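A short write-up of the structure that comes next.
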Amino acid sequence: MAVEKEKKTCGQLMTEWKEFIWNPRTHQFMGRTGSSWALILLFYLVFYGFLTALFTLTMWVMLQTVDQFNPKYQDRLSIPGVMIRPKTDALEITYNMSQTESWEEYVRMLNKFLEAYDNAKQVASNRDCIPGQYNEQVDNGVLNYPKTACQFNRTMLGDCSGLNDTTYGYRDGRPCIIVKMNRVIKFYAGDGKPINVSCLAKKEEDAQKLGEVVMFPPNGNIDLMYFPYYGKKIHVNYTQPVVAVKFLNLTFNYDHHIECRVNAANVNTNDERDKFAGRVAFKIRVNKE
């Protein structure tokens with residue numbers, strides 16, 4: 001016959017709980033004596049101390065194999081990507097000539113981007129290099145840091161420099177776009193041959209509607225002296241070369257789909273897996289009431 005357990009009162013439960021927290025008869029705290037708690041705390045202290053030391057040693061050994069100036073692997077950027085300024089999320093530039101607020105943000109972005117190219121900053125930080133040849137700076141066993149960079153003056157962008165026309169042509173419906181090639185460490189663009197950027201309508205039938213396009217520097221040329229790039233920590237004052245594109249008489253109230261490509265011997269612009277490798281496509285629309 002089963003014996004029914006006696007139900008404990010609330011007072012008995014409270015007494016048992018208090019004794020579990022601290023038992024004055026056995027001098028136990030939460031069921032363990034002081035020496036037992038000390039051994040447990042010592043064990044965890046030694047255990048986690050060992051894990052911390054092991055992790056620290058592993059990180060230290062790994063860091064000894066890493067060059068703080070040059071990344072060991074650069075596969076993702078074997079071909080430089082291309083981007084435009086002003087940059088928008090959808091790579092679409094649309095505005096109305098008569099509505100200043102619709103294009104002044106584009107002007108602000110161009111001003112901010114071109115600050116680093118101001119002539120005074122370039123002359124103070126960078127040197128006047130010899131055109132037509134790479135600005136190669138070999139260490140020869142001695143770290144030659146920081147590397148010197150070649151001047152790319154803002155005035156080289158002519159009508160798209162923002163110096164004479166502070167609206168970059170947006171107010172007059174003749175907007176400027178800056179095309180820049182992303183930086184790739186130790187990339188010798190052009191493989192010793194001339195480089196330039198070209199911008200065309202994506203569809204041949206739209207070429208007439210796009211109208212005349214002028215490039216700065218002339219013909220969209222990029223000089224070899226701006227390569228190679230040695231990395232942010234080494235090439236501290238480096239500013240990559242850019243090309244400005246000015247649309248002189250594009251058709252208003254029309255969506256112009258344009259593609260700009262870097263024409264260089266070692267830049268593949270036909271990789272369908274990467275739409276930004278050596279090229280960039282964008283849309284521009286200027287509305288006129």
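The values are calculated or read from the model by the stated rules, or taken from the named source; none is laboratory data. No experiment lies behind these values; they were computed from the predicted model shown. Don't worry about glycine lacking a Cβ; one is built from the backbone with ideal geometry, like all the others, and counts go over all protein chains shown.
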Exercise. Could you say which residue among 203, 232, 193, 283 is under 30 Å from residue 104 (Cβ atoms) and assigned by TED's automatic domain parsing to the domain that holds residue 102?
Worked result: 283
Exercise. Only one of (1) under 19 Å from the mean Cα position of the chain (by Cα); (2) modelled with pLDDT of 95 or more is not met by residue 222, so which one is it?
Worked result: (1)
For this session: Consider residue 253 carefully, then state whether it is assigned by TED's automatic domain parsing to the domain that holds residue 159, touching a strand residue (DSSP E or B) at 6+ places or on another chain (Cβ under 7 Å) and in contact (Cβ under 8 Å) with a residue 60 or more places away in the chain.
Result: no
Exercise. Can residue 231 be described as in contact (Cβ under 8 Å) with a residue 40 or more places away in the chain, surrounded by 15 or more Cβ atoms within 10 Å (Cβ to Cβ) and in a helix (DSSP H, G or I)?
Worked result: no
Problem set entry | Segments classed as strands (runs of 3 or more DSSP E), wholly inside the stretch 132-225, with at least 3 members that are under 21 Å from residue 267 (Cα atoms) | 176-181, 195-201
Exercise. If only one of 54, 13, 63 is modelled with pLDDT of 80 or more and farther than 30 Å from residue 230 by Cα, which one is it?
Worked result: 54
Problem set entry | Answer residue from the stretch 81-131, given it is among the small types (Gly, Ala, Ser) and assigned to a loop (DSSP other than H, G, I, E, B) and is nearest to residue 259 (Cα to Cα) among those | 90
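Conditions (1) within 22 Å of the chain's Cα centre (by Cα); (2) within 24 Å of residue 119 (Cβ to Cβ); (3) crowded, with 17+ Cβ neighbours inside 10 Å, marked per residue:
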site: 211; (1), (2), (3): no, no, no
site: 217; (1), (2), (3): no, yes, yes
site: 227; (1), (2), (3): yes, yes, yes
site: 244; (1), (2), (3): yes, yes, yes
site: 260; (1), (2), (3): yes, no, yes
Exercise. Of all the residues that make up the stretch 235-289, how many are part of a loop (DSSP other than H, G, I, E, B), aliphatic (A, V, I, L, M), in contact with an Asp or Glu (Cβ under 8 Å, 6 or more places away or on another chain) and closer than 29 Å to residue 132 by Cα?
Worked result: 2
Problem set entry | Flag if residue 237 is at negative phi and in contact with a Gly (Cβ under 6 Å, 6 or more places away or on another chain) | no
Problem set entry | So residue 269, is it hydroxyl-bearing (Ser, Thr, Tyr), over 18 Å from residue 156 (Cβ atoms) and within 27 Å of the chain's Cα centre (by Cα) | yes
For this session: Could you check, for the stretch 110-125, whether at least one of its residues is in the same structural domain as residue 222 (by TED's automatic domain parsing), loosely packed, with under 13 Cβ neighbours inside 10 Å, without any contact (Cβ under 8 Å) to a residue 24 or more places away in the chain and among the basic types (Lys, Arg)?
Result: yes
